[in-house]
Amino acid sequence: MNATEFSDALGKVNNQYIMEALNYGRKRKSGWMKWGMAACFGLVLTMTMIMLPGILRGQGNILPPSGPDVPGPVVGSDDNQPSAGPLQPSDEGDIIIHWDNIAVNESEGPSLDGARLYRDPEFYDMENLGEEEVLAYYGWDLAPAYIPEGLTDGGNAPGGCLYREKATGKVIEDQAGRGFWTDFGEDGCPKSNDDLYIPTGFTIRASKLGIFHCALLQPDEERTTDFGGVSVILTHCSMKHGPFDPSQKAPDGLSNMPAGYYDIYVASFTLDGVEYEVEAQRLELEEVIKIVASIINIPYSRNFTVGNIMDGQG
Amino acid sequence: MEDNAIIELFFARSEQAIRELDDKYGRVCHSLSYHILNNRQDAEECVNDAYLGAWNAIPPARPNPLPAFLCKIVRNLSLMRYHANKAVKRGGNCTVALEELEGCLASPHTVEGAIEEQELIGLIEHFLDTLSPENRVLLMRRYWFLDSYREIAARTGLSEKNVSVRLTRIRKQLRRYLMEREVIQ
């Protein structure tokens, strides 16, 4: 018997050994991190709710930026701040959408470009980013001021990771994200609460170095929409869902006839040197626009115009 | 998304299944394939082929647990490519790990008659059962997932030196175990 034969046989051992090796260590770490971060999140949220109105108003009229990378505009003291917590919008917050000036790019489908690069630990150090690290690195907790009704973060704090080159100490990959969904499974992943099996909600991802994971195939010519001076690329894709009828072909001729379609919208933009991507499933375009507008105009509490005509005719 | 929901997407023939699979297990699969192939592009292709394999297998298969099923496909495809590439390329965790095993299994004598693979799998499983959970994970991470000592150390909280020493002992135990059962001499 040689090493290859042994390796082949080892490759076929019962799944229980594979699962044990897969979950070992990570399980212990994530369990601690999950509860630890949940506790931190609870504390921070409580403190934020108590202190937010004062903090936001600050001294004088302007929200003090916590650093050069803080996204979002300044806010006057006469704005109506949300009183029930930072996650929901003020009722007075209006958004004006010039629908004629909204440009949505149609994508051919989801991108599976394998952008998840494996970083060899011999050459790269990985640092997990918890809530506090995300706050320190991006200047905010990736919770948009506007979150559509029925969506929550499920108690999950923002998270991400940094990769540094060992040789130079330089950060070469930085991504953080946070999700808001109708429901969550026991493993913390988004879960559908209806028969479609497709969760409803959105994820926001942020990176100062560029987002490597692109959710949808980009069209050749991208059109942008003006969100109060910030160019946003809105991309849409209609995805099929089952059950599929094997007796008929879908219009594209590639699959059996789907029971229906659902929407994926992706909004990409750069704000104060941070690249953002909001990926929404089964949400209306209007909701996606409001989410993005609330990120660009933190907090969502005053009139905000989307789809401005740049020469002032809007 | 939970594994059952991903499998339902496969049954519904929805492309979303592949996205969810990649979202949840993409990094594990890429890491495993890269350990074997030591080449990013080859690893990328193997993982994509594994997704296609999963797409073709589900339905009718309803794998449980899903990650073990997926990792097995990735490992098989990556090892096939590794052996195909071996004549022209060397290096990476897989080469070193196989050389370690070769040293453990080497014998100047030839055992009459090759052992049936199924019998060998049973013997390996029995050997795994004799190990402590931590040593079992060390063996699996090194020779199933082809992790480096550094990665195993990071996962288990042991030092690299300790991982190396323990694996040497485990290989000696394995050799003794296989010799007692006359699989090697």
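The values are calculated or read from the model by the stated rules, or taken from the named source; none is laboratory data. Remember, it's a predicted structure, so these values are computed and weren't measured experimentally. Virtual Cβ from ideal backbone geometry, glycine too; neighbours counted across all protein chains shown. Heads up: the accessible areas ignore ligands, DNA and RNA and are worked out on the full protein's heavy atoms, side chains in. Shrake-Rupley method; radii C 1.70, N 1.55, O 1.52, S 1.80 Å.
Points worth noting:
- Checking each residue in the range A:157-170 for being within 12 Å of chain B (Cβ to nearest Cβ) and open to solvent by 30 Å² or more (accessible area, probe 1.4 Å) picks out only A:Lys166.
- Residue satisfying all of: in the range A:1-24; farther than 14 Å from B:Asn64 by Cα and of a type in the set (S, T, N, Q); farthest from the other protein chains (Cβ to nearest Cβ) among these: A:Asn23
- On inspection, B:Glu134 fails the criterion of being touching a residue at least 60 places away in the same chain (Cβ under 8 Å) and surrounded by fewer than 17 Cβ atoms within 10 Å (Cβ to Cβ).
- In the range B:1-58, residue surrounded by the most Cβ atoms within 10 Å (Cβ to Cβ) [restricted to those that are more than 26 Å from A:Asp183 (Cα to Cα) and among the hydroxyl-bearing types (Ser, Thr, Tyr)]: B:Ser33
- Condition met for B:Lys72 (within 10 Å of another protein chain (Cβ to nearest Cβ), within 14 Å of the chain's Cα centre (by Cα) and among the charged types (D, E, K, R)): yes
- Pick from the range B:1-44, criterion among the β-branched types (Val, Ile, Thr) and under 19 Å from the mean Cα position of the chain (by Cα), ranking: farthest from the other protein chains (Cβ to nearest Cβ): B:Ile36
- Filter result for the condition that a residue is within 13 Å of chain B (Cβ to nearest Cβ) and modelled with pLDDT of 85 or more, over A:Glu173, A:Glu186: A:Glu173
- Boolean, A:Ile289 is in a helix (DSSP H, G or I) and modelled with pLDDT of 90 or more: yes
- Test: B:Thr156 is among the β-branched types (Val, Ile, Thr) and in contact with an Asp or Glu (Cβ under 8 Å, 6 or more places away or on another chain): yes
- Filter result for B:Thr95 (more than 10 Å from chain A (Cβ to nearest Cβ) and at pLDDT 90 or above): no
- Only a single item in (1) out of contact with any helix residue (DSSP H, G or I) (no Cβ under 7 Å at 6 or more places or on another chain); (2) closer than 30 Å to A:Ile172 by Cβ is not met by A:Phe227, and it is number (1).
Quick grid of which residues meet (1) among the basic types (Lys, Arg); (2) more than 18 Å from the chain's Cα centre (by Cα); (3) over 18 Å from A:Gly25 (Cα atoms):
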{"site": "B:Ala106", "(1), (2), (3)": "no, yes, yes"}
{"site": "B:Gly122", "(1), (2), (3)": "no, no, yes"}
{"site": "B:His126", "(1), (2), (3)": "no, no, yes"}
{"site": "B:Thr130", "(1), (2), (3)": "no, yes, yes"}
{"site": "B:Asn135", "(1), (2), (3)": "no, no, no"}
{"site": "B:Asp147", "(1), (2), (3)": "no, no, no"}
{"site": "B:Glu151", "(1), (2), (3)": "no, no, no"}
{"site": "B:Leu158", "(1), (2), (3)": "no, yes, no"}
{"site": "B:Gln185", "(1), (2), (3)": "no, yes, yes"}
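- Filter result for A:Phe184 (open to solvent by 30 Å² or more (accessible area, probe 1.4 Å), within 26 Å of B:Glu15 (Cβ to Cβ) and of a type outside the set (Asp, Glu)): yes
- Residue count for the range B:137-177 satisfying the condition of being farther than 18 Å from B:Glu102 by Cβ, part of a helix (DSSP H, G or I) and either among the aliphatic types (A, V, I, L, M) or within 7 Å of chain A (Cβ to nearest Cβ) (or both): 13.
- Test: residue in the range A:111-129 that is under 21 Å from A:Val288 (Cα atoms), more than 12 Å from every other protein chain (Cβ to nearest Cβ) and touching a strand residue (DSSP E or B) at 6+ places or on another chain (Cβ under 8 Å): no
- Considering residues of the range A:191-202 that are open to solvent by less than 30 Å² (accessible area, probe 1.4 Å) and either hydroxyl-bearing (Ser, Thr, Tyr) or within 23 Å of A:Arg119 (Cβ to Cβ) (or both) only, the residue modelled with the highest pLDDT: A:Thr200
- Hey, A:Gly210 open to solvent by 50 Å² or more (accessible area, probe 1.4 Å) and under 28 Å from A:Ala136 (Cα atoms) or not: no
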